Amino acid sequence: MINLEALVQNAVTIGISGHTNPDGDSVGACLGLSNYLKKKYPDKRVTVFMENPGEKFAYLQGYDSITTPDKELYTEFEFDIFFALDSGDAMRLGSAHKFLVDARETVCIDHHISNTGFARHIFIDPGASSTSELIYEIMSHDFIDEEIAKCLYTGIIHDTGVLRYSNTSPKTLRTVAELISYGFDFSRIIEDTFYKKTYVQNQILGRAVLESILILDGRCIFSAVDHRTMDFYGVTPEDMDGIVTQLKCTAGVECAILMYEREPMVYKVSMRSDEKVDVAKIAAWFGGGGHKRAAGFTMTGTVHDIINNVSKYVEKELDG
Ligand code: 5GP
Ligand code: MN
């Protein structure tokens, strides 16, 4: 646990960033923390950095003032204190990594089991559902308002698959109970940001499911989407969200793998599992990370190369 108040006390400039291709937890934790700090310390300058924050999160307070690499030059910023949120390793910060190197004080708040702690002050709890849940824990509750609550609620909802994954704890539910007492339209947040898909997102989901292949006696499923197909539908990496979870819904499947091509022959690999397979361990083996039941990494090669390599580890976990 860290003392947020003591950490920021003497800081004038505060930087906050999450991981690249930010998900709901990353956006929610960063904006929740920045809204809180701006409210409690109006004299401090708080800046949030993010690459491609999804437009579906535009309802969150502070979204419009997120600094993105295409809007402003990152080299112009320097911080007394920098917060790295929801990033399992320092490189996941993408272009915001430079702040971690340059800032006078650094803080890492995260819930990834693979996080080794890459800042001076660390608050890492792999037992927490989300970074947003941890941000709630370090805030003094007198300053939380409806807008801050919406940010943290969004983060928790996204990282728990709407409170259904096993990372949901009694504490998560107590936090959510307190957050929704601020009185916002939570069911709309769930519908609009978690379940709703654009037409092309549904099309690419359908295509990936249609072309999926069962291996290891039906206990593992994989699907691959190449760059040409992504271009054909006009989809971006953010549009691939949720596909691997849908693959994992297949009866009998204990591990699902989705690969999509980022650059020629460079695949982003996403893995999901049930109890048996520790995908964080497998992802770490290939230079990535994540959680026991949701993890990912990037790998160079053909789809066959990747599956040949990864399936061996999945099989070992299934039999182990
Ligand atoms: P997703 O498959 O949705 O991209 O990611 C699932 C989980 O694994 C997330 O918690 C995410 O932060 C983590 N993850 C995905 N890809 C990587 C990666 O390349 N490196 C690390 N360290 N973590 C990853
Ligand atoms: Mn998270």
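Determine whether segment 119-128 contains at least one residue that is among the basic types (K, R), within 16 Å of ligand 1 (Cβ to nearest atom) and either open to solvent by 20 Å² or more (accessible area, probe 1.4 Å) or touching a residue at least 12 places away in the same chain (Cβ under 8 Å) (or both).
Quick first cut of segment 119-128, residues among the basic types (K, R) only: 120.
Right, trim to within 16 Å of ligand 1 (Cβ to nearest atom) and you get none.
No.
Go through the residues of segment 44-58 one by one and say whether even a single one is of a type in the set (A, V, I, L, M), surrounded by 15 or more Cβ atoms within 10 Å (Cβ to Cβ), within 16 Å of ligand 1 (Cβ to nearest atom) and in the same structural domain as P126 (by TED's automatic domain parsing).
Just the residues of segment 44-58 that are of a type in the set (A, V, I, L, M), to begin with: 46, 48, 50, 58.
Next, only the ones that are surrounded by 15 or more Cβ atoms within 10 Å (Cβ to Cβ) stay: 46, 48, 50.
Narrowing further to those that are within 16 Å of ligand 1 (Cβ to nearest atom): 50.
From what is left, the residues that are in the same structural domain as P126 (by TED's automatic domain parsing) are 50.
Within segment 44-58, one or more residues are of a type in the set (A, V, I, L, M), surrounded by 15 or more Cβ atoms within 10 Å (Cβ to Cβ), within 16 Å of ligand 1 (Cβ to nearest atom) and in the same structural domain as P126 (by TED's automatic domain parsing).
Residues checked against (1) closer than 30 Å to M139 by Cα; (2) surrounded by 12 or more Cβ atoms within 10 Å (Cβ to Cβ):
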residue	(1), (2)
I190	yes, yes
L210	no, no
G218	no, yes
Y233	no, yes
P237	no, yes
K248	no, yes
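Any residue at all in segment 152-174 that's more than 21 Å from the chain's Cα centre (by Cα), under 26 Å from Y63 (Cβ atoms) and among the hydrophobic types (A, V, I, L, M, F, W, C)? Before you say what the answer is, go through the steps one by one.
Restricting attention to segment 152-174, the residues satisfying the condition of being more than 21 Å from the chain's Cα centre (by Cα) are 170, 174.
Adding the requirement that they be under 26 Å from Y63 (Cβ atoms) leaves none.
No; the residues of segment 152-174 include none that is more than 21 Å from the chain's Cα centre (by Cα), under 26 Å from Y63 (Cβ atoms) and among the hydrophobic types (A, V, I, L, M, F, W, C).
In contact with an Asp or Glu (Cβ under 8 Å, 6 or more places away or on another chain) and either surrounded by fewer than 16 Cβ atoms within 10 Å (Cβ to Cβ) or outside the structural domain of A295 (by TED's automatic domain parsing) (or both): does that describe N167?
Details: in contact with an Asp or Glu (Cβ under 8 Å, 6 or more places away or on another chain): yes; either surrounded by fewer than 16 Cβ atoms within 10 Å (Cβ to Cβ) or outside the structural domain of A295 (by TED's automatic domain parsing) (or both): yes.
Criteria met by N167.
Please go through segment 8-39 and give me each residue that is of a type in the set (A, V, I, L, M, F, W, C) and crowded, with 18+ Cβ neighbours inside 10 Å, ordered by number.
Going residue by residue through segment 8-39, those that are of a type in the set (A, V, I, L, M, F, W, C) are 8, 11-12, 14, 16, 27, 29-31, 33, 37.
Within segment 8-39, V8, A11, I14, I16, V27, A29, C30, L31, L33, L37 qualify.
Quick check on segment 69-84. Is at least one of its residues without any contact (Cβ under 8 Å) to a residue 24 or more places away in the chain, farther than 26 Å from D43 by Cα, open to solvent by 50 Å² or more (accessible area, probe 1.4 Å) and more than 19 Å from the chain's Cα centre (by Cα)? Before you say what the answer is, go through the steps one by one.
To start, the set of residues in segment 69-84 that are without any contact (Cβ under 8 Å) to a residue 24 or more places away in the chain comprises 70-73, 75-76.
Within this subset, residues satisfying the condition of being farther than 26 Å from D43 by Cα are 70.
With the extra rule that they be open to solvent by 50 Å² or more (accessible area, probe 1.4 Å), the set shrinks to 70.
Add one more test, that the residue is more than 19 Å from the chain's Cα centre (by Cα), and what stays is 70.
Yes, that holds for at least one residue.
The values are calculated or read from the model by the stated rules, or taken from the named source; none is laboratory data. Since the model is a prediction, treat every value here as computed from it, not as a measurement. FYI the Cβ positions are ideal-geometry reconstructions off the backbone, even for glycines, and counts take in every protein chain you see. Accessible surface is based on the protein model in full, side chains and every heavy atom, while ligands, DNA and RNA are left aside. Shrake-Rupley method; radii C 1.70, N 1.55, O 1.52, S 1.80 Å.
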